[in-house]
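The values are calculated or read from the model by the stated rules, or taken from the named source; none is laboratory data. All values derive from a computational prediction rather than experimental measurement. No Cβ is skipped: glycine too gets one built from the backbone with ideal geometry, and neighbour counts run over all protein chains shown. Areas reflect the complete protein model, heavy atoms only, side chains present, ligands, DNA and RNA absent. Shrake-Rupley method; radii C 1.70, N 1.55, O 1.52, S 1.80 Å.
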Amino acid sequence: MRNLLLTLLAVMTATMAQAQRPDILGDSHAMLKLQQGQHYLLLPVEEKADMAHVRVIKDNNVVQTLNARLAVDKVDYYMPLELNGSHLLDILFRGDRRTKGALSELACWREMKYSQTFDTTNREHFRPIYHHTPAYGWMNDPNGMFYKDGVWHLYYQYNPYGSQWENMTWGHSTSRDLIHWEAQPIAIAPDGLGSIFSGSCVVDKDNTAGFGKNAIIAYYTSAGDHQTQSMAYSTDNGRTFKKYSGNPVLTAAVPDFRDPHLFWHEQTHRWIMILAVGQEMQIFSSANLKQWTMESRFGAEYGCHGGVWECPDLFRLPVRGTGQQKWVLVCNINPGGIFGGSATQYFVGDFDGHKFTCESRPEVTKWLDYGKDHYATVTFDNAPDGRRVAIAWMSNWQYANEWPVKQFRSANSIARELDLFVDGTETYCGVTPSEEILSLRDKSVKQPTEACEIVVNVKGSADITLQNAKGEEVVMHYDARKQEFTMDRTKSGNTAFSEAFPCTTVAPTHGQLKQLRLFIDRCSIEVFDADGRMAMTNLVFPSEPYNTIKVKGGKAVIYDFKK
C-alpha cells in the first residue's frame, strides 16, 4: 500500500463526501464519528482561528493527536488527515467560544469532506521552481541530511496539518541532483515523548550501533514537557525508521537542550555529538551511538548571544592555497541575527576529538550569510568526494508564519559548497553554489525571468537594479572602496505583511569583487561572489516577476533555467 505523501502527489479525482454533523458535548468540546472505508478527512483550516486539539481514536484507543486551526468563519485551505480505519475524532477547541458563536455553527462542520485522494497541484504564485519546498503545509529547519547510493536525503521540520508552525514531524524528500526533489512519506512522527524537533542522520558503515552494516541512524530532539534526545534507525536507506526502545537516550535538567548533530571522528574512533544547550554547545562522544560521555562545552563568551543557540554542526574544511585544514563550528541563533531575527554564525578553530578551540578573539562574530533569510544551516553526512554541502532554511522567524501564501510555507536555499579562505589575520568560511546548479542553465536571454541565474562582471563599484512593470524593485550596490555589498528590498513588492520585512542588508566582500552570481526564483534572490567570499539570501514577493535589469559599472549575462 502506498503511504501518505506518495499518494498525495496524485491529482484529486475522487468525488468528495461531506462529513456528518458532530456531537456537541459542551461549549468547547465535540466528537465526530467517522465513516468507514474513507482514506482522508479533509480538514478546513482558517489561519486566524484558535488552535483545536484533535485526538484520533481507533478501537477505543488514541492512535494520534494533533493541533489544527479548524475553520470558524471561512476556509483558507484544506489539509488531509489520513484515517487508517479510525472511527472517532475527539476535538477540544481552545479560546473563548463566547466570542466565536455557538460551537455547532462553526464553518468547519459544513466544510469537512471525505476523499480518497488529495490535490497537491501547485496553486501558489510564489512557490519556487528550483528550490526545495514541501508538497503542502509548513516547513522549517532542514534535518538529518545524508547522501547514500547516489541519493541525497533531506528531512525537515514539518507540519502536515497547516501552513504555520505546529505538530513538529520529520518530513522527507530525496534528490539525485540537489535540484529536483521528490516528496517521500513522513519519516518520523510525534509519539509519547513529544514532538520531533531537529536532529541529524549518519550512515553507520561499521555497524557500531548493532542495527546492521550501513544502517541509517537518526538522532532528534523529543520535545515533550522537557527536551530529550532520542534515536531511530533505518535498514532501508532512510525510507522508514524504527524508534529505539531505549529512548530517550540523553536527558538534562535544562529547558533548551536540542538539535543533536552527529559525525564519526576518525582520529579517536568515536562518534561525536554536538548539542545546542541554552547559549552554549555541548560535545559528547560514543563508541556505539547508545552510551554517551560528556566531553566539553563551548561558547560561554564567544560570538553573538542575542538569542538561543540552535542547530549546531561541526566539521573540517580545507583552507584555500595553504594545504591546511581547520574545523568549523556552526551555530544558528534566534533572535540576535545581524539584521534581526534568526541567522547563522560560525567559529573557526581546532577540534581534537574532545574540545573545540576557537582561534579568534571571543568578541569576533562571523556570519555565514549576510541576508535576512538564511537560518538553520546544516551539512550532509557522507557526501561524495569529500564535499561539504550545506542547505539552509530560507526564512526568518520574525515573519516565517506570515508569508503571503497559503498552500505551503517556507523553502530551503540552494545547496552550497563550503571551504575556508584567509583575509588578513582571520580565516573565513567560503560559500559557493553547488556544482549541480550549473546543469539548470539554459540559453542566455535578454531579460530576467521568474527563474534564472544572472552573472554580473563588475569593474570597480557597481549598481544593479531588478524591476518589474509595477515599479517594484530590488536595488543592489557594490562599493569597491569599502569592500561592501548591499541589497535593498524595501520596494521589492509585498512587504506589508510584516514590519520586520522591509530592510537593506549589508555584507563585507573580503576583497575586490570581479563577478557576482544572482539566483532568482519567484520569491527569493541569492547573491554570491563568484570566488565564494560573500553570500546574501533574501526573500522577495513581487506582484509580477522582475523582467528588467539595469547595471551600472558592469555587464550582465542572463541564463534562463530549464523547466
Hits in the stretch 486-541 (condition: outside any loop (DSSP other than H, G, I, E, B) and among the β-branched types (Val, Ile, Thr)): Thr486, Thr504, Thr505, Val506, Ile520, Ile525, Val527, Thr537
Would you mind telling me which numbered condition in (1) among the small types (Gly, Ala, Ser); (2) open to solvent by 30 Å² or more (accessible area, probe 1.4 Å); (3) at negative phi Gly424 fails? (3)
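Tally time: how many residues in the stretch 388-415 are among the hydrophobic types (A, V, I, L, M, F, W, C) and farther than 27 Å from Glu435 by Cα? Write out each step before concluding.
Within the stretch 388-415, the first condition is being among the hydrophobic types (A, V, I, L, M, F, W, C), and the residues that meet it are 389-394, 397, 400, 403, 405, 408, 411, 414-415.
Keeping just the survivors that are farther than 27 Å from Glu435 by Cα gives 397, 400, 403, 405, 408.
The qualifying residues number 5.
Looking at the stretch 183-212 only, could you name the residues that are of a type in the set (A, V, I, L, M, F, W, C) and open to solvent by less than 20 Å² (accessible area, probe 1.4 Å)?
First, the residues of the stretch 183-212 that are of a type in the set (A, V, I, L, M, F, W, C): 183, 186-189, 193, 196-197, 201-203, 209, 211.
Within the stretch 183-212, Ala183, Ala187, Ile188, Ile196, Cys201, Val202, Val203, Ala209 meet the criteria.
Among the candidates Arg533, Arg517, which residue alone is more than 25 Å from Gly340 (Cβ to Cβ) and either touching a residue at least 12 places away in the same chain (Cβ under 8 Å) or under 20 Å from the mean Cα position of the chain (by Cα) (or both)?
Going through Arg533, Arg517 in turn, just one is more than 25 Å from Gly340 (Cβ to Cβ) and either touching a residue at least 12 places away in the same chain (Cβ under 8 Å) or under 20 Å from the mean Cα position of the chain (by Cα) (or both): Arg517.
Tell me the residue from Ala390, Ala376, Ala400, Ala451 that is closer than 15 Å to Leu178 by Cα and open to solvent by less than 30 Å² (accessible area, probe 1.4 Å), please.
Numbers: Ala376 fails: closer than 15 Å to Leu178 by Cα; Ala400 fails: closer than 15 Å to Leu178 by Cα; Ala451 fails: closer than 15 Å to Leu178 by Cα.
On inspection, the qualifying residue turns out to be Ala390.
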Give me the pairs, please: first residue somewhere in the stretch 160-182 and under 10 Å from Trp138 (Cβ atoms) and open to solvent by less than 10 Å² (accessible area, probe 1.4 Å), second residue anywhere and among the charged types (D, E, K, R) and assigned to a strand (DSSP E or B), beta-carbon distance under 7 Å, and either six or more positions apart or on two chains. Ser163/Arg409
Does the stretch 534-554 hold any residues that are over 16 Å from Met487 (Cα atoms) and out of contact with any Lys or Arg (no Cβ under 9 Å at 6 or more places or on another chain), and which are they? Asn547, Thr548
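Confirm whether Val456 is among the β-branched types (Val, Ile, Thr), surrounded by 21 or more Cβ atoms within 10 Å (Cβ to Cβ) and within 14 Å of Ile549 (Cα to Cα). Before you say what the answer is, go through the steps one by one.
Numbers: among the β-branched types (Val, Ile, Thr): yes; surrounded by 21 or more Cβ atoms within 10 Å (Cβ to Cβ): yes; within 14 Å of Ile549 (Cα to Cα): yes.
Against the criterion (among the β-branched types (Val, Ile, Thr), surrounded by 21 or more Cβ atoms within 10 Å (Cβ to Cβ) and within 14 Å of Ile549 (Cα to Cα)), Val456 qualifies.
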Please tell me if Ser439 is open to solvent by 60 Å² or more (accessible area, probe 1.4 Å), touching a residue at least 60 places away in the same chain (Cβ under 8 Å), over 29 Å from the mean Cα position of the chain (by Cα) and over 21 Å from Gln512 (Cα atoms). no
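So if I check each of Ala415, Ala480, which one is closer than 19 Å to Ala390 by Cβ, open to solvent by less than 30 Å² (accessible area, probe 1.4 Å) and either touching a Ser or Thr at 6+ places or on another chain (Cβ under 8 Å) or of a type in the set (D, E, K, R) (or both)? Steps first, please.
Numbers: Ala480 fails: closer than 19 Å to Ala390 by Cβ.
None of the others qualify; the one that does is Ala415.
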Give all pairs with beta carbons closer than 8 Å in which a residue from the stretch 132-153 that is under 13 Å from Ala390 (Cα atoms) meets a residue that is of a type in the set (Lys, Arg) and open to solvent by 10 Å² or more (accessible area, probe 1.4 Å); count only pairs at least 6 apart in sequence or on separate chains. Trp152/Arg176
Somewhere in the stretch 79-91, is a residue over 21 Å from Tyr158 (Cβ atoms) and of a type in the set (Val, Ile, Thr)? yes
A careful count of residues in the stretch 242-273 that are surrounded by 15 or more Cβ atoms within 10 Å (Cβ to Cβ) and in contact (Cβ under 8 Å) with a residue 60 or more places away in the chain gives 11
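Residues in the stretch 371-387: is at least one assigned to a loop (DSSP other than H, G, I, E, B) and farther than 23 Å from Ser434 by Cβ?
no
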Restricting to the stretch 213-227, give me the number of residues that are over 21 Å from Tyr156 (Cβ atoms) and either modelled with pLDDT under 95 or open to solvent by less than 20 Å² (accessible area, probe 1.4 Å) (or both). 1
Taking the stretch 195-218 on its own, how many of its residues are touching a residue at least 60 places away in the same chain (Cβ under 8 Å) and closer than 16 Å to Trp271 by Cβ? 13
With the condition kept exactly as written, say whether any residue in the stretch 463-472 is assigned to a strand (DSSP E or B) and either in contact with a helix residue (DSSP H, G or I) (Cβ under 7 Å, 6 or more places away or on another chain) or crowded, with 22+ Cβ neighbours inside 10 Å (or both). yes
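Restricting attention to strands (runs of 3 or more DSSP E) lying wholly within the stretch 191-258, give those where 1 or more residues are more than 20 Å from the chain's Cα centre (by Cα) and hydroxyl-bearing (Ser, Thr, Tyr). Walk me through it before giving the result.
Numbers: elements: 195-204, 215-223, 227-234.
Result: 227-234.
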